[in-house]
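*Asks:* Before we start, here is the structure in question, set down as structure tokens.
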Amino acid sequence: PREEVAYVTCTYNNLGICQPDFLATVDLDPCSPCYGQVVHRLPMTHLKDELHASGWGKSCSCCDSSTRRKNKLILPSLISSRVYVVDVGSQCRKPSICKTIEPEEIFQKCNKAYLNVPRCLPSGDVVIANMGDAAGKEKDGFIVLDGDTFDLKGNWEKGCEVPPTGYDFWYQQCHNVLISSAGVDPRSLRCGFCPDDYGKGVFGRRLNVWNLSCHTLTNYFDLGEDSLPLSVKFLHNPNAAEGYVSCALSGLIYRFFKDNWAVEEVIRIPDKLVTGWIMDRMPAFPSNIVLSEDDRYLYVSNWLHGDIRQYELSRNCKPKLVGQVFVGGSILRGGCVTVCKDEELKCQPEPLVVKCKTVHGGPCKMQLSLDGKRLYVTNSFYSAWDKQFYPELVREGSVMLQIDVDTENGGLTVNENFLVDFGKEPHGPCLAHEIHFPTGDCTT
């Protein structure tokens, strides 16, 4: 069935508003009088958590449908390292917190912190990637929650030296492999982006290969200094031994595949030479990638330049760009940045206005409907970096947009009738990030 509800993580961290983060329930039913509105807000129990990524626990059968419905949403906190387990099955439009794991327990039992992406493994347990240790130093790895009770079980990795940094991961059970990306040294998170950090090991460079059943690191690939590998996605086909990883600062997207596991560069989004910015060269910053359920299309959000890209995938050849749309970014016409040299565009794109609201920030997190026809996007990457690169976004709040997708020939179009304005929240503008649908989505 078509998605009717979305759960969106929202934060007030770094915004100067003394309110807890919350989970927003957004109405996606075009026939509803509340279409495109936040219909429920679930506040967290503490301040300054920085809700960021989210993911599902085990699914359960719907009583009125043959589909598999999710009933527990896992919300790790990037800064506080607290974990919330949210019940979305009892009341779909009014979720509630059913369990909280305090950071002190995670520090003592696992020596892990800066929690990011959660995923449910084939065993039913939930694994959460982390970016550092309890002292704030860089340290990759994963913590494990029991799939039924959501009690903290300990660390996932066994008897091996963990990589220096971590961020995202994906797995393929049929090939007994888990692939994880590198991310950022957590000590730099609170300070924001600094050009002087280049060449100092602050930005990750590794793509890590793990044995899924043994929980051990078997190999890694060096994707280049300061490449910053972030989003990792396997093809949905469980027999396919390949996937993609986006590198934010190098603008490269690599395909990884099972040939004793190897990587190859398949997409390069060039930098732009600019004036009026913090550097004279603006990287592309592909912050997120999503694969359609049929593995035909790859979507890329280009957070700094401001565009969303649709690539058609075909066997044994490079992805082909078939759709592109600008939904904000740092190079808009009339802004403070002037593009001096651009390998792709002849002129700077126009600002986007939807339902009388100018969209600030750049596209970050995406979620695709199961039929592939609707791509939803939010425009917050991380509060400290948002504040630095897009001050208007912090002042006016995030938005959630819908991009209409041509699934036959390729093509992207902004839906002018849909806008979720997180600048009109009761406690003030907030930043919106991860999106999930309870009836299933393309990133789960």
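The values are calculated or read from the model by the stated rules, or taken from the named source; none is laboratory data. Predicted model, so just to flag it, every value in this text is computed and none were measured. Counting neighbours? That spans all protein chains shown, and the Cβs are built from the backbone with ideal geometry, glycine included. Heads up: the accessible areas ignore ligands, DNA and RNA and are worked out on the full protein's heavy atoms, side chains in. Shrake-Rupley method; radii C 1.70, N 1.55, O 1.52, S 1.80 Å.
*Asks:* Can you tell me which aspartates and glutamates have their Cα less than 13 Å from the Cα of Lys272? Leave out same-chain residues fewer than eight positions away.
*Replies:* Asp280, Asp342, Glu343, Glu344
*Asks:* Continuing with this model, one more query. Using a 1.4 angstrom probe on the protein heavy atoms only, could you order Glu396, Glu104 from most to least accessible area?
*Replies:* These residues rank, largest area first, as Glu104, Glu396.
*Asks:* Mind telling me which of Arg41, Arg93, Arg190 comes out most flexible in a GNM of the chain, alpha-carbon contacts under 10 Å?
*Replies:* Arg190
*Asks:* Now a separate question. Setting aside same-chain residues fewer than 8 positions from Lys58, which aspartates and glutamates have a Cα under 18 Å from its Cα?
*Replies:* Cα-Cα hits under 18 Å: Asp87, Asp125, Asp146, Asp148, Asp151, Asp441.
*Asks:* Which value, in Å² rounded to 10, gives the accessible area of His40 with a 1.4 Å probe and all protein chains present?
*Replies:* 40
*Asks:* Under 19 Å from a label point 7 Å along Cα→Cβ of Cys317: give me every residue in region 277-296 with its amide N that close.
*Replies:* So the set is 295-296.
*Asks:* While we're looking at this one, here's another question. Based on alpha-carbon centroids, what's the gap between region 343-361 and region 261-278 in Å, whole number please?
*Replies:* A separation of 20 Å, based on Cα centres.
*Asks:* What FRET efficiency comes out for the pair Lys137/Val39, r = Cβ-Cβ distance, R0 = 51 Å, nearest 0.05?
*Replies:* Plugging the Cβ-Cβ distance into 1/(1 + (r/R0)^6) gives 0.80.
*Asks:* Right, something else. Restricting to DSSP H runs of at least four residues, report the calculated mean residue ellipticity at 222 nm for the chain, -39500 (n - 2.57) per run over all residues, nearest 500 deg cm²/dmol.
*Replies:* Here the helix-only value at 222 nm equals -1000 deg cm²/dmol.
*Asks:* In addition: Determine the distance separating the Cα centre of region 190-254 from the Cα centre of region 79-122; give it in Å without decimals.
*Replies:* Cα centres, region 190-254 to region 79-122: 24 Å.
*Asks:* Please identify, among Ala182, Ala262, Ala53, the residue showing maximal mean-square fluctuation in a Gaussian network model of the chain using a 10 angstrom Cα cutoff.
*Replies:* Ala262
*Asks:* Beyond a 23 Å Cα-Cα separation, which of these cross-linked pairs lie in this structure: Lys99/Lys387; Lys109/Lys158; Lys109/Lys200; Lys153/Lys200; Lys320/Lys346; Lys48/Lys424?
*Replies:* As for pairs spanning more than 23 Å Cα to Cα, those are Lys99/Lys387; Lys109/Lys200; Lys153/Lys200.
*Asks:* In addition: Straight distance only, please: which aspartates and glutamates reach the Cα of Lys258 with their own Cα at less than 16 Å, same-chain residues fewer than 8 apart left out?
*Replies:* Reachable aspartates and glutamates: Glu242.
*Asks:* So, one more: Kindly state, to the nearest 0.05, the FRET efficiency for Phe107 paired with Gln388, given R0 = 30 Å and r defined as their beta-carbon distance.
*Replies:* In this case the efficiency is close to 0.60.
*Asks:* Moving on to the next point. For the chain, with all protein chains present and a 1.4 Å probe, just round the carbon and sulfur fraction of the accessible area to a whole percent.
*Replies:* 47
*Asks:* Residues of the chain: accessible area per residue at 1.4 Å, in Å²?
*Replies:* 38
*Asks:* Moving to a separate point now. List the residues, sorted by chain then number, that are 5 or more residues from Lys365 or on another chain and whose placed amide H is less than 5 Å from its amide H.
*Replies:* For Lys365, whose amide H was placed from the backbone, the distant partners under 5 Å are Thr378, Ser380.
*Asks:* Can you sort Leu393, Leu412 by 1.4 Å-probe accessible area, starting with the largest?
*Replies:* Descending accessible area places them as Leu412, Leu393.
*Asks:* While we're on this one: In terms of modelled amide H atoms, which long-range or inter-chain residues lie less than 5 Å from the amide H of Asn219?
*Replies:* So Asn219 has HN proximity to Val209.
*Asks:* In square nanometres, what is one fourth of the surface area of the convex hull spanned by the alpha carbons of region 168-259?
*Replies:* For the Cα atoms of region 168-259, the hull's average projected area reads 6.3 nm².
*Asks:* For the pair Lys58 and Ser96, how long in nm is the line joining their label points, each one 7 Å along Cα→Cβ?
*Replies:* Reported label-point gap for Lys58 and Ser96 is 2.2 nm.
*Asks:* Only Lys, Arg, Asp and Glu count, each charged at its Cβ (+1, +1, -1, -1), so figure out the dipole size of the chain about its Cα centre, rounded to 20 debye.
*Replies:* That gives a dipole near 220 debye.
*Asks:* Let me ask you something else. Could you compute how much accessible surface Cys214 exposes when probed at 1.4 Å, giving the result in Å² to the nearest 10?
*Replies:* 70
*Asks:* Would you grab the residues whose amide H sits under 5 Å from the one on Leu212? Only those 5+ places off in sequence or on another chain, please, with H modelled 1.01 Å from N.
*Replies:* Val177, Leu178
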